[in-house]
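Remarks on the structure that follows.
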Amino acid sequence: MKSPPRVLLIGLKHPSRMVAYWLRKAGLKTHVGNIFSILSPQKYHVVHFVYSPTIKIRGPFLLLFLKASGKKIVVHWAGSDVLGLLARRKMWILNNIAKRFVDVHLADGPWLCKELELVGVRSTSVPLLSNLKADVTPLPDEPAMLFYLPEKRYIFHGGRILEKLATDFPEVKFLVVANTGKCCEKRENIEFLGYVPYREMPKIYRRVRGLIRMPLHDGLSMMVVEALLHGRYVIYSKKLKHCFYAKNYSDVRKYVKKIMEIDRPNYDGAKYAQELISYSVRQLLTIYSGLVGELN
């Protein structure tokens, strides 16, 4: 193949754009589309799903069609895909049929790889990470924390934890993204920001000392990495270097108190985040190097 292969990315919009960004930097021609883009006259050599079609009813038929058309297929598992598969045993049969048509399985975090192994899927950890430009800035004088709490998944992402924190730390301002506050009791020390555009997030990180992310299940969150890039401290329900690992409210409360006493940015976390992004990009490009070699 003389010209660079064309890659079609389908799935989660923002993560798809991030993957496309790194592939374009490596010289690959990419397009972020939808399922109907497969039928476009434009010839795509690789179809990269940023979700797993193997757990959808139409998945085996779609993947078989792509395979018969000579496409290379990449499936990038997000945390919600893995959770859905583990929670529904009936999907295991569907996944076992569909996965045989996939050339490469990627997962948004090393712990997802381990979970996928339980259902017979061998994958490579390539977190869906950011291209956000970030500088480490001093921690703000105002005691403030950022909390990720999608409106429609209030309990799953720790809504009750936020309520308790607001009561126990009346002096701390909690900024909440992905939530307008319609589902919650109004508190003076909780500020609901709703949907915040990606490029506006650095302004939010500069306003806070740290991020609290406490979902019941997660991939390696892009938001966690971005907070680290800005030198912020992170309280997380997953074990990740230079983050405070919290299993329950008692842990979260302890670490919020600790973060309020720190006056130095999380420089070690910022350095680790840069290394993590570099590693993930290398992993992604190594995978694509192999795919391109097979196409040639």
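Numbers at a glance
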| read-out | value |
| --- | --- |
| Among residues of the stretch 129-139, those that are touching a helix residue (DSSP H, G or I) at 6+ places or on another chain (Cβ under 6 Å), at pLDDT 90 or above and not polar (S, T, N, Q), counted | 1 |
| Answer residue from the stretch 161-194, given it is in a helix (DSSP H, G or I) and without any contact (Cβ under 8 Å) to a residue 60 or more places away in the chain and is nearest to the chain's Cα centre (by Cα) among those | 162 |
| Qualifying residue in the stretch 121-131 (condition: surrounded by fewer than 18 Cβ atoms within 10 Å (Cβ to Cβ) and part of a helix (DSSP H, G or I)) | no |
| Within the stretch 76-96, tally of residues that are in contact with an Asp or Glu (Cβ under 6 Å, 6 or more places away or on another chain) and loosely packed, with under 15 Cβ neighbours inside 10 Å | 0 |
| Single residue of 72, 99, 29 found to be touching an Asp or Glu at 6+ places or on another chain (Cβ under 9 Å), touching a residue at least 12 places away in the same chain (Cβ under 8 Å) and more than 21 Å from residue 218 (Cα to Cα) | 72 |
| Subset of the stretch 5-24 [farther than 15 Å from residue 126 by Cβ and without any contact (Cβ under 8 Å) to a residue 40 or more places away in the chain] | 13, 17, 24 |
| Qualifying residue in the stretch 143-156 (condition: out of contact with any strand residue (DSSP E or B) (no Cβ under 9 Å at 6 or more places or on another chain) and among the acidic types (Asp, Glu)) | no |
| Residue selected from the stretch 1-31 under the condition over 17 Å from the mean Cα position of the chain (by Cα) and part of a helix (DSSP H, G or I), by the criterion surrounded by the most Cβ atoms within 10 Å (Cβ to Cβ) | 23 |
| Residue that is surrounded by the most Cβ atoms within 10 Å (Cβ to Cβ), among those in the stretch 200-233 that are assigned to a helix (DSSP H, G or I) and free of Cβ contacts under 8 Å to residues at least 40 places away in the same chain | 224 |
| Residue within the stretch 270-283 that is over 18 Å from residue 126 (Cα atoms) and either out of contact with any Ser or Thr (no Cβ under 7 Å at 6 or more places or on another chain) or assigned by TED's automatic domain parsing to the domain that holds residue 152 (or both) present | yes |
| Selection count, the stretch 40-54, where residues are over 23 Å from residue 290 (Cβ atoms) and crowded, with 20+ Cβ neighbours inside 10 Å | 0 |
| Test: residue in the stretch 236-251 that is without any contact (Cβ under 8 Å) to a residue 60 or more places away in the chain, in contact with a Cys (Cβ under 8 Å, 6 or more places away or on another chain) and outside the structural domain of residue 107 (by TED's automatic domain parsing) | yes |
| Unmet criterion (only one of (1) surrounded by fewer than 21 Cβ atoms within 10 Å (Cβ to Cβ); (2) over 21 Å from residue 67 (Cβ atoms)) for residue 34 | (2) |
| Extreme residue, modelled with the lowest pLDDT, among residues of the stretch 184-199 that are farther than 20 Å from residue 15 by Cα and surrounded by 13 or more Cβ atoms within 10 Å (Cβ to Cβ) | 184 |
| Residue match in the stretch 81-96 (condition: within 15 Å of residue 55 (Cβ to Cβ), touching a residue at least 60 places away in the same chain (Cβ under 8 Å) and not in a loop (DSSP other than H, G, I, E, B)) | yes |
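The values are calculated or read from the model by the stated rules, or taken from the named source; none is laboratory data. Predicted model, so just to flag it, every value in this text is computed and none were measured. Backbone-built Cβ (ideal geometry, glycine too); neighbour counts: all protein chains shown.
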